[in-house]
Each structure stands twice: as C-alpha cells, then as structure tokens.
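To start, the structure under review is shown below, and the notes come after it.
Only the coordinates and a few stated rules stand behind these numbers; no lab work does. None of the values given here were measured: they were computed from a predicted structure. Using ideal geometry, Cβ is built from the backbone for each residue, glycine included, and neighbour counts are taken over all protein chains shown.
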Amino acid sequence: MPRPHVLLSAAVSLDGCLDDTGEGRLLLSGAEDFDRVDAIRAASDAILVGAGTLRADRPRLLVNSQERRAGRVADGRPAYPLKVTVSGSGELDPGDPFWTTGGERLVYTTDRGAAVARARLGDAARVVALGAAVDWAALLDDLGGRGVRRLMVEGGARVHTQLLRLGLADELRLAVAPLVVGEPDAPRLFGPGAYPGGPRGRMRVLGSEPVGDVIVTRYAPTAPGTTDGVTAADRHWLRLACDLAADCPPSETAFSVGAVVVAADGTELARGHSREGGDPVVHAEEAALAKLPGDDPRLATATVYSSLEPCAHRASRPKPCARLIVDAGVRRVVTAWREPDTFVPGADGIGVLAQAGVVVAEVPELAAAAILPNRHLVTPTVS
Ligand SMILES: NC(=O)C1=CN([C@@H]2O[C@H](COP(=O)(O)OP(=O)(O)OC[C@H]3O[C@@H](n4cnc5c(N)ncnc54)[C@H](OP(=O)(O)O)[C@@H]3O)[C@@H](O)[C@H]2O)C=CC1
Ligand SMILES: Nc1c(N[C@@H]2O[C@H](COP(=O)(O)O)[C@@H](O)[C@H]2O)[nH]c(=O)[nH]c1=O
C-alpha cells in the first residue's frame with residue numbers, strides 16, 4: 001500500500017512561534033483561516049497531532065462545517081477523519097475531548113507505551129505498538145495499509161520537525177500571523193537539526209494567499225534524499241521523470257524514458273527524455289547529462305531520477321547510461337521500473353551502478369506510471 005500524502009499544517013507568528021508560554025492556546029489564525037483549516041481536515045482521511053499538542057491544547061480535531069461532513073458522507077467516507085496521535089510514553093489523558101468526540105482514534109506508540117496507553121484509554125482508541133521506538137516511516141506505511149491516502153499533520157513542534165527532517169513531508173502549509181511572540185521559551189515551528197538540502201536547500205513555493213489577516217503559503221520540499229530510503233521529494237522528482245517519459249516520441253523499438261538530474265539543495269540541474277531533439281537513439285539520462293558540463297561540481301552530490309532503470313548494454317552508443325552516470329561522478333539514482341527483457345535480456349543497470357558504489361533507491365509504487373508509455377512493449381505478466 002502506498003504511503004499517504006503528508007501535509008504539514010501550522011500557524012506561526014512572525015518570529016516563527018507556534019504558541020506563547022502563557023496558559024491556553026495562542027490563536028494565531030482568525031475565523032477565515034480556521035475555516036480554511038476545516039476545509040483541509042474535511043479533505044483528509046486522517047489528522048495527526050503529537051501527544052504534546054494533546055496535553056497543551058486539548059484539541060477536538062473535528063470537521064466543524066456540517067456541509068463538509070455531509071459531503072464526506074455523500075462520498076462514502078466517515079463524517080469525521082480518523083484522529084491519530086503519537087506518544088512514546090503512552091501517558092495520555094482519557095479525559096481529553098480528543099478521545100470522546102469526532103472520528104475514530106488511533107495511537108502509535110512504543111511497546112512499553114502501548115501497555116500504558118491501553119490501560120488508560122480502554123476502548124477509546126486502537127493502540128498500535130511500533131517496537132522499541134516510533135519509526136515514522138513504519139507509521140506512515142501502517143496508515144497507508146489502513147487506506148489513509150491523505151494525512152494532515154497539525155503539529156506540534158516536535159512532530160513537524162521530525163517529519164520535515166526525515167524528508168517524509170510532501171507539503172507544508174504555513175499561515176503566518178501578523179504578530180510577534182518575542183518569548184525565548186515559546187515553541188518554535190522547526191527545531192535545530194539537519195534538514196534535507198541543509199541550510200542552502202530551498203523549497204518550492206506552490207502558492208500563496210492572504211486569508212483574513214494571515215498569509216498562507218504552500219511549500220513542497222525538493223531536496224533529494226541521501227540514502228536508499230525514498231523521501232517525499234524523491235517521489236516528486238521521479239513522478240516528473242515519469243511525466244517526461246510520457247512526452248517521448250513513440251517507438252516500437254525502444255523504451256520511452258524520462259530523467260531529471262537534481263542537485264543536493266533541490267535545484268533541478270537538467271532533464272531529458274528518450275529520442276529528444278530529433279535524435280532517434282538518445283536516452284533520457286544521456287540527454288539530461290549532456291546538458292551539464294562534465295566538471296560541474298554539483299554532480300558529485302546530485303541524484304539522477306530515471307523512470308526506467310539506467311541501461312547496462314547499448315548497441316547505438318559506446319557507453320550505456322549506467323556507465324555515463326558513474327563517469328559523471330553521480331552517487332545516487334532513484335528509479336521506478338526494472339528493465340524488462342524486451343530488448344536486452346538480463347540487463348542489470350542497477351547492478352552496474354551498485355558495483356560502482358552508487359546508491360540506488362527503487363520506488364515500485366511508481367512503476368505503473370513508468371510503464372504506461374511503454375505498455376505496447378511489455379507483456380502483461382512483465383508489467
Ligand atoms: N500554531 C499551530 O499551528 C500549532 C501549535 N501547536 C503548539 O505546539 C506545542 C506542542 O508542541 P510539542 O510540545 O513539540 O508537542 P508535539 O505535539 O510535537 O508532541 C510531542 C510528543 O509526541 C510524542 N512523540 C513525537 N515524536 C515521537 C517519536 N518519534 N517517538 C515517540 N513519541 C513521539 C511524544 O509523546 P510522549 O511525551 O507521550 O512520549 C512527544 O512528547 C503547543 O504549545 C501547541 O499549542 C501545536 C499544533 C499546531
Ligand atoms: N493555534 C492554532 C492552531 N492549532 C491547532 O489547532 C488544533 C485545535 O483544533 P480544534 O480541535 O479544532 O480546536 C490544535 O491542536 C493545534 O493542532 N492551528 C491553526 O491553524 N491556527 C492556530 O492559530
């Protein structure tokens with residue numbers, strides 16, 4: 001099951017605070033903005049907050065609009081999204097309105113926390129133990145397995161910080177309120193640590209609008225991952241490579257493939273697709289790499305996204321794409337689809353890359369998109 005789309009939602013002051021240190025929650029949003037948040041909740045399958053937010057805010061996390069609830073029911077969904085919390089300790093207060101209102105409740109916790117949470121909550125929630133520690137990737141996989149496609153995360157600071165740092169957030173929606181908290185101990189949206197792309201990495205702005213007196217901006221993280229684990233930004237770039245594959249001039253004798261080269265800070269360096277620019281034999285990765293100077297220093301930390309595994313054997317050119325990638329100094333490749341035996345039996349571009357020390361991440365959930373423009377070339381059993 002695919003992981004859900006993860007949307008981080010927060011309201012902050014001009015000095016980046018989520019709250020002040022006083023009693024009760026600081027309302028950063030106005031009525032119009034709370035209504036915008038309500039619409040996102042209604043469009044979500046599940047809403048997650050950390051146990052710290054449960055303790056500090058005692059939220060209900062409802063869809064407040066009756067029309068929106070009715071719309072969900074008309075679509076065959078429950079009136080309220082699933083409510084999810086994360087707690088290492090399991091120290092959750094059954095008197096909180098979170099457990100008695102709205103949608104069904106789910107707690108992700110540790111093996112030790114599970115015993116505490118079950119004793120405290122009884123039937124008010126399903127408690128899922130994820131081992132000695134809570135692993136966020138495992139949590140998202142589990143939610144995907146429960147049919148959650150869109151997850152809204154409403155904080156707090158420690159939860160947002162981890163999801164962004166781990167590269168697991170697809171989108172960040174930030175409402176910036178026109179006030180300054182000014183307190184040194186007030187919770188900040190993002191804590192210190194190593195974020196994808198480092199301090200020079202820039203996110204992509206998807207849009208921005210005034211809502212009442214706050215400004216809401218939508219961002220997408222773009223900096224590639226650095227391991228064979230797949231991040232949300234990796235999926236974004238690989239989806240683009242699959243879209244490029246669909247743009248190739250069709251062929252009966254070669255695959256349609258798209259490729260994108262992305263720098264460590266999330267800057268797109270080059271893109272290419274098969275048979276680009278009227279060259280009947282050029283491959284996607286070859287076309288993309290040819291647009292960059294061979295000594296471009298950004299290549300050493302770049303990631304190549306290719307809808308199809310880079311080729312290992314080639315009749316039409318001296319070097320296959322796996323070798324071109326290694327020779328360009330690229331150390332990481334993300335791909336959706338292993339090459340079938342259609343033209344070259346036993347091609348193992350991933351093996352060539354791995355042998356040269358290149359980290360390869362595979363995203364099988366995007367294989368269908370990579371195959372689509374090639375469906376006339378593969379038998380149904382291969383696809
Ligand atoms: N302005 C806004 O939009 C929002 C503001 N807020 C504010 O944020 C503040 C709360 O933030 P914060 O205190 O950081 O709390 P969080 O909501 O981020 O919750 C932190 C708690 O969640 C659990 N947790 C988180 N990550 C893990 C993990 N990897 N493994 C195990 N348990 C984990 C722990 O629970 P446990 O302690 O049980 O082990 C931890 O103490 C409040 O002041 C609130 O008002 C909150 C949401 C939105
Ligand atoms: N203070 C604040 C937010 N706080 C969030 O709203 C949650 C409470 O929602 P509810 O149960 O509907 O009262 C709370 O737990 C926290 O996640 N959100 C925002 O968009 N803007 C704000 O100014």
field: Cα-based Rg / Dmax (Å) for the chain
entry: 23.4, 72
statement: Relative contact order of the stretch 232-374 (C-alpha contacts under 8 Å, at least 6 apart) in percent is 23
message: Cut-off is 10 Å between beta-carbons; in what order do His376, His236 appear when sorted fewest neighbours first?
response: His376, His236
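Ranking Asp135, Asp295, Asp45 by Cβ neighbours within 10 Å, fewest first, what do you get? All intermediate terms of the calculation are to be shown ahead of the outcome.
Working: Asp135 14, Asp295 8, Asp45 20.
Ordered from fewest to most neighbouring Cβ atoms within 10 Å, Asp135, Asp295, Asp45 come out as Asp295, Asp135, Asp45.
Would you kindly state how much longer the chain becomes between Asp38 and Glu365 on full extension, computed as 0.36 nm times their sequence separation minus their alpha carbon distance, in nm to one decimal? Present the calculation step by step, with values, prior to reporting the outcome.
Values: separation 327, 0.36 × 327 = 117.72 nm, distance 3.03 nm.
Going from the current span to full extension adds 114.7 nm.
Less than 9 Å Cβ to Cβ from His5, Lys/Arg counted +1 and Asp/Glu -1: what total charge do the surrounding residues give? If you can, show how the numbers build up before the last one.
Values: positive: Arg3, Arg149, Arg150; negative: Asp170, Glu171.
Summing Lys and Arg as +1 and Asp and Glu as -1 gives +1.
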message: Taking amide H atoms as placed 1.01 Å from N in the peptide plane, list the residues 5 or more away in sequence, or in a different chain, whose amide H sits under 5 Å from that of Arg332.
response: Val304, Val359
statement: A correct fewest-to-most ranking of Leu151, Leu269 by other Cβ atoms within 10 Å would be Leu269, Leu151
message: Explain nothing, just compute: Karplus ³J(HN,Hα) = 6.51 cos²θ - 1.76 cosθ + 1.60, θ = phi - 60°, for every residue of the stretch 47-62 in order, whole Hz, x for Gly and Pro.
response: 10, 10, 9, x, 5, x, 6, 4, 5, 6, 10, 6, x, 9, 6, 9
query: Which whole-Hz couplings ³J(HN,Hα) result when phi for each residue of the stretch 201-217 is put into the Karplus expression 6.51 cos²θ - 1.76 cosθ + 1.60, θ = phi - 60°, listed in order with x for Gly and Pro?
result: x, 10, 7, 8, 8, 8, x, 8, 8, x, 10, x, 9, 10, 10, 9, 10
- line: Once normalised by the length of the chain, the mean sequence separation of its alpha carbon contacts under 8 Å that are 6 or more apart gives a contact order in percent of 14
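List the GluC sites (Glu not before Pro) within the stretch 177-283 that fall in a DSSP loop (any state other than H, G, I, E or B) and whose Cβ has at most 10 other Cβ atoms within 10 Å. Can you show the working numbers first?
Values: sites: Glu252, Glu268, Glu276; in loops: Glu252.
Answer by residue number: Glu252.
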query: What residues have an amide H closer than 5 Å to that of Arg188, excluding those fewer than 5 places away on the same chain, when H is modeled at 1.01 Å from N in the peptide plane?
result: Leu18
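Do the sum for the chain: with -39,500 (n - 2.57) for every DSSP H run of n ≥ 4, divided by all residues, what is the mean residue ellipticity at 222 nm, to the nearest 500 deg cm²/dmol? Kindly include the intermediate steps, with their values, before the conclusion.
On the way: 11 runs with 98 residues, N = 383.
When only DSSP H runs of four or more count, the value is -7000 deg cm²/dmol.
What is the sum of charges, Lys and Arg at +1 and Asp and Glu at -1, for the other residues whose Cβ falls under 9 Å from the Cβ of Glu309? Please list the in-between numbers first.
Numbers: positive: Arg338; negative: Glu339, Asp348, Glu362.
Net local charge, Glu309 excluded: -2.
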- request: Read phi for every residue in the stretch 261-271 and hand back ³J(HN,Hα) as whole Hz from Karplus 6.51 cos²θ - 1.76 cosθ + 1.60, θ = phi - 60°, with x for Gly and Pro.
  value: 10, 10, 6, 4, 8, x, 7, 6, 8, 6, 9
